[in-house]
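Data first, discussion second: the structure below is written as structure tokens.
Every read-out reported here was derived from the displayed coordinates using simple, explicitly stated rules and does not represent laboratory data. Nothing here was measured: the structure is a model prediction, and the numbers come from that model. Because the Cβ atoms are built from the backbone with ideal geometry, glycine has one as well, and the counts that use them run over all protein chains shown.
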Amino acid sequence: MAMRIAAKPAGDGSPDPGAGRAKRADFTDVRANNLGYVLRQVRSEGRCSRADLAAKTGLNKATVSSLVAELIERRVLRESGSVIGNIGRPAVLLSVDTGYYASLGVEINVDYMTLVAVDLAGNRLLSWRRAHDGSGSTPGRSISALAGLAKRAVDKMDTEGRQILGLAVAVPGMIDDAGTVQRAPMLGWTDFDLAARLRAAMRDPKYPVSADNDANLGAVAEQRFGANAGVADMLYLTGEIGLGAGLIVDGGLRRGTGGFAGEIGNMLIEVDGRTGRVEDLASINAVLDELAESDQIAGTEVEAEVEDIVTRARTGEAAVVESLERIGRALGAGIALAVDLLNPEVIVLGGHYLALSPWIVPAAASEATARSHASGAGGVRIVVSELGHEAPALGAATGILNDIDSGLMPTPLGR
């Protein structure tokens, strides 16, 4: 999935972010790239005329008119009023058509499922969150729950006359390009063909169904919609029971050769006399192991347990505050390794880290600064996500929009 596509006409030599995940329409690569280029310009401007597009893109007016006509026919752009031009002639304005398509993203995690639907401009059409005991459910039960939630969303979009562009699922695990979950230890999944199973459960829908790592998709959402949107070098840390990282490098998501980059939780650290993996010392699971008052916690109880820990910290319970600060230092030690390796501009903490941030973030920032070889930790900022638990599901839906931005244009039903 593309994160940020440079505003260039066709022929810039950049990789196709949608390769292998969407079928290009029947036109040349040059035209496809130029369609995406024009769409991105309109998206960036909000509203603009054909003459504006010709001036900004450097494409001739005839080419722009042809591209715009196709984008309108495909229901990607629409005419939205007019303004008086410099010589008194009205100029018809163009904007992104937000009334026809919908993209769906779903996240399944240990303690909940989230579904987000967006239009072509990224506006939320739906945002649902449901408790789900992912760790206590069989893969089959989880697929049934996912399919049920998705079908409700599809039905709602159908009643609004919207065409579904695709459904993408965010999963806390290692997922190959075919949508097979190789390992999702927190869910107990191994070599599980999630995409195929979900397609079957939804009776082979006409739109594509795909899956990706939750941290990757959280990074996609943050890079496009978050408070630090547009930042070229960013890490997104999931902040769920496990700990994964989505890597934005030079403006694009970095998956690695097999799609398994970002497993920061497996790196070894030593902090406060303790040695272990970052995930074992700094994840939400580590918080619960140290501070939850119950030894056995169901997936559906995680959020309530975190809220209880927050309440205890706010009342000044010394042992809780000390423990959270120690976990923050462990997180900072892991972040220092990432800083020295990647030198990101910002590290965004997602998931349950948001609620715990008053105690964890200052300790993490101090430890990262102290441990990093770069002066001042290379200038990195550690912030909490403003997208909250919605980020991975939003990123799943956003990836489909990024494909369209790159020139993989949809076709309205009936054409």
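Rounded to the nearest Hz, the phi-derived 3J(HN,Hα) couplings of segment 60-70 under the Karplus curve 6.51 cos²θ - 1.76 cosθ + 1.60 (θ = phi - 60°) are 6, 4, 5, 5, 4, 4, 5, 5, 4, 4, 5, where x marks glycine and proline. Here the sum of -39500 (n - 2.57) over DSSP H runs of 4 or more residues, divided by the residues of the chain, equals -12500 deg cm²/dmol at 222 nm, to the nearest 500.
A straight line joining the Cα centroids of segment 33-84 and segment 345-415 runs 31 Å. Counting only aspartates and glutamates at least 8 places from residue 151 when in the same chain, those with an alpha carbon closer than 16 Å to its own are 107, 160, 204. Compared with the dominant principal axis of the Cα atoms in the chain, helix 318-342 is inclined by about 50°.
For GluC sites (Glu not before Pro), the sites in segment 246-330 that DSSP calls loop and that have at most 13 other Cβ atoms within 10 Å are 293. Dividing the Cα radius of gyration of the chain by its Kirkwood radius returns 1.01 for Rg/Rh. By DSSP, the beta bridges lying fully in segment 229-386 are antiparallel in about 55 percent of cases. The slack between residue 260 and residue 131, meaning 0.36 nm per residue of separation minus the straight C-alpha distance, is 43.7 nm. Label-to-label distance for residue 66 and residue 381 is 4.4 nm, based on points extended 7 Å past Cα in the beta-carbon direction. Legend: calculated FRET efficiency, residue 30 to residue 141, from the Cβ-Cβ distance at R0 = 30 Å, rounded to 0.05, equals 0.05. Can you bin segment 133-237 into rounded, prolate or oblate? Criterion: square roots of the alpha carbon gyration tensor eigenvalues sorted a ≥ b ≥ c, rounded for a/c under 1.5, prolate for a/b above b/c, oblate for the rest. Since a/c reaches 1.5 but b/c is at least a/b, the shape of segment 133-237 is classed as oblate.
Taking the chain as a Gaussian network of alpha-carbon nodes connected by springs under 10 Å, the highest mean-square fluctuation of the residues 77, 39, 93 belongs to 93. Taking the chain as a Gaussian network of alpha-carbon nodes connected by springs under 10 Å, the highest mean-square fluctuation of the residues 339, 321, 348 belongs to 321.
Counting only Cβ charges, +1 for Lys and Arg and -1 for Asp and Glu, the dipole size of segment 229-386 around its Cα centre is about 620 debye. Here the 3J(HN,Hα) profile of segment 35-51, calculated from phi with Karplus coefficients 6.51, -1.76 and 1.60 at θ = phi - 60°, is 4, x, 4, 5, 4, 5, 5, 5, 4, 5, 7, x, 9, 7, 9, 4, 5 Hz, Gly and Pro shown as x. If I fit a long axis through the Cα atoms of helix 214-225 and take the longest principal axis of the Cα atoms of the chain, what angle between them do I get, 0 to 90°, rounded to 10? It works out to around 50 degrees. Annotation: peptides 168-177, 368-377, 249-258, 236-245, ranked by per-residue average of other Cβ atoms within 10 Å with the highest first, follow the order 236-245, 168-177, 368-377, 249-258. Of the three principal axes defined by the Cα atoms of segment 229-386, the extents in descending order read 43, 32, 30 Å. If we count every other residue with Cβ under 13 angstrom of residue 365's Cβ, Lys/Arg +1 and Asp/Glu -1, where does the sum land? So the surrounding residues net to +1. Each residue of segment 203-209 was assigned a 3J(HN,Hα) from its phi angle through the Karplus expression (A = 6.51, B = -1.76, C = 1.60, θ = phi - 60°), giving 6, 6, x, 6, 8, x, 10 Hz with x at Gly and Pro. If you fit an axis through the alpha-carbon atoms of helix 353-371 and take the longest principal axis of the Cα set of the chain, what angle between them do you get, 0 to 90°, nearest 10? So the inclination is approximately 80 degrees.
One Cα centroid belongs to segment 256-326, the other to segment 128-152; the line between them spans 25 Å.
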